[in-house]
1. Shape of the stretch 127-276 from its Cα gyration tensor (a ≥ b ≥ c, root eigenvalues): rounded if a/c is under 1.5, otherwise prolate when a/b > b/c, or oblate?
2. Can you sort L255, L225 from fewest to most other Cβ atoms within 10 Å of each residue's own Cβ?
3. If you count, for each residue, the other Cβ atoms within 10 Å and average over each peptide, how do 69-75, 200-206 line up from highest to lowest?
4. Tell me, how many Å apart are the Cα centres for the stretch 262-297 and for the stretch 172-217?
5. From the Cα gyration tensor of the stretch 50-182, with a ≥ b ≥ c the square roots of its eigenvalues, which class applies: rounded if a/c is under 1.5, or else prolate if a/b is larger than b/c, or else oblate?
6. Which order do the peptides 59-65, 190-196 take when ranked by the mean count of other beta-carbon atoms within 10 Å per residue, highest first?
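Any read-out appearing in this document is the output of simple, stated calculations on the displayed coordinates, not a laboratory observation. Keep in mind it's a predicted model, so treat the numbers as computed, not measured. So basically every Cβ, Gly included, is an ideal-geometry build from the backbone, and we count neighbours across all protein chains shown.
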Amino acid sequence: MKMKGFKTIKRIALKYKKDALVFLAGILFISIVFALSSGYKSGDDLLGYLDKLLVENYVKGFSTKEIEFKDYIYKKDSIDAFTEDIILRLGKFKEKGSDNWSGRYIAIYEKRELSLLDKLVDRPSGYELAEAFFLDGIDYVETLVPVSCEIEDQDGDGRKEIMVDYKSIFADRQSEGPLVIRKLNGDWVFSPLPKLNNIGVSDSDELYAEEFVFSGKSKIDFLSLSNGGNYCYLVQDGVQKIFVKACILDDAAVLSPHPSYYYLFDLKEEGFAPDKNWNNGKPLRVEANSTLEYDEVYEIGDSVNIIDGIKFSSAPVIGE
């Protein structure tokens, strides 16, 4: 009888042991699934995870070379009421083992949608790579360096613009150019300056401007203004604008004054477009020996559409 009771106790112990092992295996399985399925990380773990996503994208679309990345600018911010924190990375890359940082990249990460497991365990969402653009073949270390990046709602429409300023230095000359990044209707839109040589420039003139092409799901044809060319942002009547000076290529020394074209562009959904209410949408040409200041040139273009002190629009009248 005592032996029978002992066997019963042994069976119960074995059953509890089996149940405990099943329970522990379940916990281990859930922990592994939790770890592998979560993109939520912080600190160095987050940066390593972001790099991994970027490498996978580069290898998939461009090259199987082993590469490493280094940020010039790393920013985390919200864009609008519907988009949680995004991460923006602007930087350079190189092949592992090389000393030549010959590549440039633009990467945007967004919070992914919460999975069922996220909701069950009440954990925050991780990040996924939303956009990535790459440019390789840079010869000079100080080419296309992002020197500033502002994320703010410039025009008061409830959506923030990402305004990036790039600068390049080539020996005794330098260039600079803007890139505005927005999220419109669920898509990321990248707006560099348009090709200025195609907008109102005389056939006998050519502008000091350099073009760089970033490749990704689409292309960014980035334009940089050289040898005295520059720009400034402004907001007028709730519209984001950019006032641009582009110098003409001539025989004068690089650092000498050059004749220039001035433009005023509106930032529209499709990108920068000439402001029809400034000099009738055309650029102003100013000679090299002119003493006009930047703001004086702007006022001249602005006054073209003024009659008897009243500003009018050159847009077509409705019904015509």
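1. Oblate, because a/c is 1.5 or more while a/b does not exceed b/c.
2. L255, L225
3. Answer by packing, highest mean first, reads 69-75, 200-206.
4. The distance from the Cα centre of the stretch 262-297 to that of the stretch 172-217 comes to 15 Å.
5. The shape class here is oblate.
6. 190-196, 59-65
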